[in-house]
Amino acid sequence: MTKRALITGITGQDGSYLAELLLSKGYEVHGLIRRASTFNTARIDHLYVDPHDPAAKLFLHYGDLSDGSRLVTLMSEIRPDEVYNLAAQSHVRVSFDEPEHTADTTGTGTVRLLEAVRLSGIATRFYQASSSELFGATPPPQSETTQFYPRSPYAAAKLYSYWITKNYREAYGLYAVNGILFNHESPRRGETFVTRKITRAVAAIKAGQQEHVYLGNIDSIRDWGYAAEYVEGMWRMLQVDEPDDYALATGVGLTVRDFLETAFEHVGLNWEDHVRFDERYLRPTEVDALIGDPSKAAEKLGWKATVDGHELAKLMVDADVSALENSGRPWIDTVKLASWGHE
Ligand code: NAP
Ligand code: G4F
């Protein structure tokens, strides 16, 4: 029997890698996408096959986590074996600007989807994209048993989603799991997260199209892994007999400064010549250090990260250098776009 999966957030970084993985495993994949005035499917366009083609295995549906009745309808129409809830307003800095919207999407959106699963009566397995941001101010190493201390509207919304997922597991016997994922990046990472902001800037500076990049706090520590490996961990969480919660991480922390050093050195540049401080990229409350302990996932799921933060920085720089070389788009436009907000 062909398994069927529904992915919310399929147009995002993780959604695109997960869709690839599930299609490669023979799944029929359904994705929730938001209606936008421009195309927002660039990360999955390479997977798309005309739905009229009998070989089509990927189907997209308009919807939004703010629209509960639509989620109920889609659940009964698609009848998925597995639901991956990856959709969210996922930017921590932006959540300070849009706390209410973040709560509605990143928090309440989860219970809307869980209710749709529960009301459908289908024996669906549910994955919730929880985050290492939940640990916030609690010092590393952090694991599934570490106390939560959220430090942003984003983290507070994810905390609600974490607990409501656990509650639906306990109250209704739903197969529902939390993947507590530490930062994971890739060439598909959103342009305003710090790793991608840096690797895009490295490419532009190397090409002589830009002189400086403006950043906030470069002393914070993150446990950066490779997104393509993390989606394998998400899938594995839904394949075990009993639902449980798991942290995925490399176990190694780097500062933003370390990432800068590796990324600039990779193309023969010194980061100190090109990085400028701008206080608008600071957060009202910062998360100083996230370093995960992934031993439970290793033991129970056989999952292990193999790409470390330095390797990741280099592969992202290589991808941005070649993207810049191959694109006819004037770089300056996208740099301006990324500088409008406070991300
Ligand atoms: P991302 O690239 O920002 O993708 C977010 C996705 O959510 C996009 O497809 C976006 O659609 C969709 N979305 C946003 N608001 C929505 C709404 N109201 N209704 C329906 N869809 C909506 O995020 P990511 O890096 O892939 O992360 C995936 C999930 O894991 C997120 O929940 C994130 O918070 C969580 N997480 C990420 C990390 C990480 O390091 N990447 C770590 C821990 C947890 P558009 O394309 O239309 O904007
Ligand atoms: O890349 P970031 O914006 O990622 P952050 O805040 O760690 O959140 C990401 O990882 C979470 C998992 O732990 C996810 F849940 C969340 O959805 C998201 O994917 O910032 C990383 C660090 C922060 O300490 C930030 O203050 O980089 C610092 N930073 C310094 N200058 C900057 C900048 N961050 C951004 N985005 N832009 C800057 O100019």
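Structure notes:
- Total residues in the range 108-123, condition small (G, A, S), surrounded by 17 or more Cβ atoms within 10 Å (Cβ to Cβ) and either over 17 Å from P153 (Cα atoms) or under 15 Å from the mean Cα position of the chain (by Cα) (or both): 2
- Some residue of the range 297-316 being farther than 28 Å from P99 by Cβ, modelled with pLDDT under 95 and not small (G, A, S): no
- Scan the range 124-167 for residues that are buried (at least 23 other Cβ atoms within 10 Å of the Cβ) and farther than 14 Å from G107 by Cβ and the total you get is 6.
- Qualifying residue in the range 276-285 (condition: away from ligand 1 (no atom under 16 Å from the Cβ), free of Cβ contacts under 8 Å to residues at least 60 places away in the same chain and out of contact with any Ser or Thr (no Cβ under 9 Å at 6 or more places or on another chain)): no
- Residue-level analysis places T262 outside the set of residues that are of a type in the set (V, I, T), at pLDDT 95 or above and within 14 Å of ligand 2 (Cβ to nearest atom).
- Residue within the range 249-257 that is at pLDDT 95 or above and in a helix (DSSP H, G or I) present: yes
- Single residue of D81, D97, D104 found to be surrounded by fewer than 23 Cβ atoms within 10 Å (Cβ to Cβ), of a type in the set (D, E) and near ligand 1 (Cβ under 10 Å from one of its atoms): D104
- The selection criterion, being over 18 Å from the mean Cα position of the chain (by Cα), of a type in the set (F, W, Y), open to solvent by 60 Å² or more (accessible area, probe 1.4 Å) and within 15 Å of ligand 2 (Cβ to nearest atom), holds for Y214.
- Of the criteria (1) touching a Gly at 6+ places or on another chain (Cβ under 8 Å); (2) part of a helix (DSSP H, G or I); (3) basic (K, R), which one R283 fails: (2)
The values are calculated or read from the model by the stated rules, or taken from the named source; none is laboratory data. Keep in mind the model is a prediction, meaning the values are calculated, not measured. Every residue, glycine as well, gets a Cβ built from its backbone with ideal geometry; the counts of neighbours run over all protein chains shown. All accessible areas refer to the heavy atoms of the entire protein, side chains included, with ligands and DNA or RNA removed. Shrake-Rupley method; radii C 1.70, N 1.55, O 1.52, S 1.80 Å.
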